[in-house]
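Student: Please read through the structure below; I'll follow up with questions.
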Amino acid sequence: MEDSPAQDTLDGTWSVILGASAGMGRACARALADAGSNIIGVHFDTASRQPAVDELVEELRGRGVRVHFVNDNAASDQVRARVVGEIARLTGERGVRVLLHSLAFGSLVPFLPAADGTGAAVSVRQLDMTLSVMAHSLVYWTQDLFRVGRLPAGAKVFAMTSAGTARMSANYGPVAAAKCALESHVRQLAVEGAPHGISVNAIRAGITLTESFLRIPESTELGERARRGNPHGRLTTPEDVAETIVLLARARSSWLTGNVIGVDGGEFLTV
């Protein structure tokens, strides 16, 4: 019988989190830092949010790890090139153990106007932007980190998806399309990353009351439906997701790859 995949410590490793200042990204930064991983966070916040981000950085450093945050647009080619250079310098030959794609910036508008001809409908620019930020940027970040030799064997790439790939709501169409593309990118990257020992998986969290979810116009209705239907009798929390990512990040094996992993307490089965 073969031995089970070895478990490894995350002490001294590096985790790159795209969307690190809020929601899933923030919870994962805390959990990975608790596990001993140094944190590189990319976030895009206004000046009014900066004190909260500074507080998070100090909190993470208080866990005894190195922390480097960049407040800039992770979907920009210029920003990505600059930050990848910083990542290469900071991580050295050890490279990146975890790349978490948790970018939640997209248009929440319907595809068609209302029946009476009024109301907004998604534009070409809005749809292209949503796909670029929430899906295609995963490919570009993975490509660039691989090119500079910072995704070694054992590296884990995670992308945050949602049940919106299969279930529609009034204003979620652009984001749903992006999540479908994201899952396709995960499968392709998993196949191409396998010979290098790199695993790539999508995490499908249950409905979680993050800042980005609450921007959906129908979020109250969706949240109540999920709360009533979830077998656990509650909604998913960012900490539920963070716990799973730390668990998966500890394994050195790349055999678990190309999957959509539900972290929802059974919500997808019943809601």
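Student: If T142 satisfies every condition in (1) surrounded by fewer than 20 Cβ atoms within 10 Å (Cβ to Cβ); (2) hydroxyl-bearing (S, T, Y); (3) touching a strand residue (DSSP E or B) at 6+ places or on another chain (Cβ under 9 Å) but one, which is the exception?
Tutor: Condition not satisfied by T142: (1).
Student: Oh, and also: Could you identify the single residue in R227, R250, R234 that is in contact (Cβ under 8 Å) with a residue 60 or more places away in the chain, out of contact with any Phe, Trp or Tyr (no Cβ under 8 Å at 6 or more places or on another chain) and basic (K, R)?
Tutor: Sole residue among the options that is in contact (Cβ under 8 Å) with a residue 60 or more places away in the chain, out of contact with any Phe, Trp or Tyr (no Cβ under 8 Å at 6 or more places or on another chain) and basic (K, R): R250.
Student: Next question, about the same structure. Pick out the one residue from D77, D116 that is over 21 Å from A249 (Cβ atoms), touching a Phe, Trp or Tyr at 6+ places or on another chain (Cβ under 8 Å) and exposed (fewer than 15 other Cβ atoms within 10 Å of the Cβ). Please lay out each step first, then the result.
Tutor: On the way: D116 fails: touching a Phe, Trp or Tyr at 6+ places or on another chain (Cβ under 8 Å).
The match here is D77.
Student: Take segment 149-164 and flag every residue that is at pLDDT 95 or above and outside any strand (DSSP E or B). Can you show your working first?
Tutor: Quick first cut of segment 149-164, residues at pLDDT 95 or above only: 149-163.
Matches in segment 149-164: G149, R150, L151, P152, A153, G154, A155, S162, A163.
Student: List, please: which pairs have Cβ atoms under 9 Å, are six or more places apart or on different chains, and start with a residue in segment 148-168 that is at positive phi and end with one that is assigned to a helix (DSSP H, G or I)?
Tutor: G149/A88; G149/E93
Student: Now for a different question. For S212, only one of the following conditions fails: (1) crowded, with 19+ Cβ neighbours inside 10 Å; (2) modelled with pLDDT of 95 or more; (3) not aromatic (F, W, Y). What is its number?
Tutor: Single failed check for S212: (2).
Student: What's the number of the condition D34 fails, among (1) over 22 Å from L247 (Cα atoms); (2) more than 18 Å from the chain's Cα centre (by Cα); (3) of a type outside the set (V, I, T)?
Tutor: (1)
Student: I'd like to verify a number: residues in segment 96-118 that are more than 12 Å from N171 (Cβ to Cβ), hydrophobic (A, V, I, L, M, F, W, C), at pLDDT 95 or above and touching a Gly at 6+ places or on another chain (Cβ under 9 Å), how many?
Tutor: Counting residues in segment 96-118 that are more than 12 Å from N171 (Cβ to Cβ), hydrophobic (A, V, I, L, M, F, W, C), at pLDDT 95 or above and touching a Gly at 6+ places or on another chain (Cβ under 9 Å) gives 2.
Student: Just to check your reading of the model, which residue among G262, G233, G229 is surrounded by fewer than 17 Cβ atoms within 10 Å (Cβ to Cβ) and in contact with a helix residue (DSSP H, G or I) (Cβ under 6 Å, 6 or more places away or on another chain)? Give the derivation first.
Tutor: Working: G262 fails: surrounded by fewer than 17 Cβ atoms within 10 Å (Cβ to Cβ); G233 fails: in contact with a helix residue (DSSP H, G or I) (Cβ under 6 Å, 6 or more places away or on another chain).
Selected residue: G229, the only one of G262, G233, G229 that is surrounded by fewer than 17 Cβ atoms within 10 Å (Cβ to Cβ) and in contact with a helix residue (DSSP H, G or I) (Cβ under 6 Å, 6 or more places away or on another chain).
Student: Name the helices (runs of 4 or more DSSP H) wholly within segment 8-122 that hold at least 1 residues that are over 18 Å from T142 (Cα atoms)?
Tutor: The qualifying helices (runs of 4 or more DSSP H) are 23-34, 50-61.
Student: Check whether at least one residue in segment 43-61 is of a type in the set (K, R), surrounded by 16 or more Cβ atoms within 10 Å (Cβ to Cβ), at pLDDT 95 or above and out of contact with any Cys (no Cβ under 6 Å at 6 or more places or on another chain), and report yes or no. Steps first, please.
Tutor: Just the residues of segment 43-61 that are of a type in the set (K, R), to begin with: 49, 61.
Still in the list and also surrounded by 16 or more Cβ atoms within 10 Å (Cβ to Cβ): none.
For segment 43-61, residues of a type in the set (K, R), surrounded by 16 or more Cβ atoms within 10 Å (Cβ to Cβ), at pLDDT 95 or above and out of contact with any Cys (no Cβ under 6 Å at 6 or more places or on another chain): absent.
The values are calculated or read from the model by the stated rules, or taken from the named source; none is laboratory data. Quantities reported herein were computed from a predicted structural model and do not represent experimental measurements. Virtual Cβ from ideal backbone geometry, glycine too; neighbours counted across all protein chains shown.
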